[in-house]
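Only one structure is covered here, and it is reproduced in the block below.
No lab work stands behind these numbers, since they all come straight from the coordinates. Just so we're clear, the structure is a prediction, and the values are computed from it rather than from any experiment. Neighbour counts run over all protein chains shown; Cβ positions are idealised from the backbone, glycine included.
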Amino acid sequence: MREMKLQAEGIVCSGCAEDMERLLGEEDGIVDAAVDYSKGTVHVKYDESLIDGKKVFERVRRLGFPVKIVSHV
């Protein structure tokens, strides 16, 4: 299991955060996603045997928010 923390710009409400969590959770290999709109952070836990870090990053980016990786362990 791997974890990635990203900083995202433009998340303005809890509804957006909930939608992001739901959409990320539908992706094969993503085990958990937690979005904090007030801090603009996205925490993703994923199974690297099913999805790699680059695809996780791209999946978050495709949600329409500029993102950058803060940590990846």
- Task: Please specify each residue of segment 32-44 satisfying the condition of being farther than 16 Å from Gly64 by Cα and either touching a Phe, Trp or Tyr at 6+ places or on another chain (Cβ under 6 Å) or of a type in the set (S, T, N, Q) (or both).
- Result: Ser38
- State the number of residues belonging to segment 1-32 that are assigned to a helix (DSSP H, G or I) and surrounded by 12 or more Cβ atoms within 10 Å (Cβ to Cβ). 10
- Pairs, first surrounded by 12 or more Cβ atoms within 10 Å (Cβ to Cβ) in segment 54-72, second charged (D, E, K, R) and part of a helix (DSSP H, G or I), C-beta under 9 Å, six or more apart: Leu63/Asp19; Val67/Arg61
- Query: Val35 is checked against (1) free of Cβ contacts under 8 Å to residues at least 60 places away in the same chain; (2) aliphatic (A, V, I, L, M); (3) closer than 14 Å to Arg2 by Cβ; (4) assigned to a strand (DSSP E or B) and fails just one. What number does that condition carry?
  - Reply: (3)
